[in-house]
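Some notes on the structure that comes next.
The values are calculated or read from the model by the stated rules, or taken from the named source; none is laboratory data. Note that this is a predicted model, so its numbers are computed, not measured. As a convention, Cβ positions derive from the backbone with ideal geometry for all residues, glycine included, and neighbour counts pool all protein chains shown.
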Amino acid sequence: MIPDAELERVLVVTAHPDDVDFGAAGTLAGWAAQGVAVTYCIITDGDAGGFDPAVPRSEIPRIRRAEQVAAAAVCGVTDVRFLGYKDGELTVTHGLRRDISRVIRQVRPQRMLIQSPERNWQRIPASHPDHLAAGEAAIQSVYPDARNPFAHPSLLDDEGLDAWSVSEVWVMGHHTIEHHVDMTDMFDTKVAALRAHDSQTSHMEDLPGMLRMWSTRMAEQAGLAEGRLAEGFFVSIMPA
């Protein structure tokens, strides 16, 4: 695993605005504070989200993009990219793989954070169909697409984007958690990032309490001291 002191670039790929903040905002805020360049790639605009019927549905994409940019800024992240796919209709297509591969080749990350392509029966909300599709498309883009100069030839021929091999992939929402990050010092940042997603979280009566409960469970699984808070991931080291 890449030591944090040697980590320079991270790319996060998720289906919807707010997915990254529920899954890894504390971890990413910590990396950003250490000087790591973090990029978010959000596949859809979350246009099927929101809870206020008074808000015109046509406004939701704009609102949710703005919320994600604001939440990213809370975590120290300024590079947020949207692919504009339709929320609730995401499937693994050649076009989606090409679009994610493009971002990989542009950013050239050492480490990627993605959603799990495997259903988690203990956490069904983590296995939203869009999440599963986003995770599968992302890992296919990591391997074999982005590293293969002959895959998606237009990326090289027309855009000059050379192949790039990602060294490791961290998976959010996976049923097997094997690596934990102590993000106690970034917990308030995680809460603030999620509060920036007002259209999604304003109805939650005790958002900090819910997040603290999840994070405490992760810390206990990791064997951290009482009172510590953590986020958990499955980590895959990619072939050279």
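For segment 187-212, filtered to residues that are not polar (S, T, N, Q) and not in a helix (DSSP H, G or I), the residue that is surrounded by the fewest Cβ atoms within 10 Å (Cβ to Cβ) is 205. Number of residues in segment 150-186 that are surrounded by 20 or more Cβ atoms within 10 Å (Cβ to Cβ), within 22 Å of the chain's Cα centre (by Cα) and more than 25 Å from residue 119 (Cβ to Cβ) equals 2.
Only a single item in (1) under 14 Å from the mean Cα position of the chain (by Cα); (2) surrounded by fewer than 18 Cβ atoms within 10 Å (Cβ to Cβ) is not met by residue 91, and it is number (1).
In segment 123-149, the residues that are without any contact (Cβ under 8 Å) to a residue 24 or more places away in the chain reach residues that are of a type in the set (Phe, Trp, Tyr) and outside any helix (DSSP H, G or I) with C-beta atoms within less than 8 angstrom, at least six apart or across chains, in these pairs: 147/164. Do the conditions hold for residue 44, that is, is it closer than 17 Å to residue 193 by Cα and not hydrophobic (A, V, I, L, M, F, W, C)? Answer is no for this residue.
Looking at the structure I just gave you, is residue 79 at pLDDT 95 or above and surrounded by 19 or more Cβ atoms within 10 Å (Cβ to Cβ)? Criteria not met by residue 79.
Here 175, 180 are screened, and the one residue that is in contact (Cβ under 8 Å) with a residue 24 or more places away in the chain, more than 18 Å from residue 82 (Cα to Cα) and in a loop (DSSP other than H, G, I, E, B) is 175. Within segment 94-111, the only residue that satisfies the criterion of being surrounded by 20 or more Cβ atoms within 10 Å (Cβ to Cβ), in contact with a strand residue (DSSP E or B) (Cβ under 8 Å, 6 or more places away or on another chain) and among the basic types (Lys, Arg) is 111.
Among the helices (runs of 4 or more DSSP H) lying completely within segment 1-108, list those that include at least 1 residues that are touching a residue at least 12 places away in the same chain (Cβ under 8 Å) and within 25 Å of residue 238 (Cβ to Cβ).
Passing ranges, in order: 19-33, 94-107.
Residues in segment 125-162 that are touching a strand residue (DSSP E or B) at 6+ places or on another chain (Cβ under 9 Å) and assigned to a loop (DSSP other than H, G, I, E, B): 128 only.
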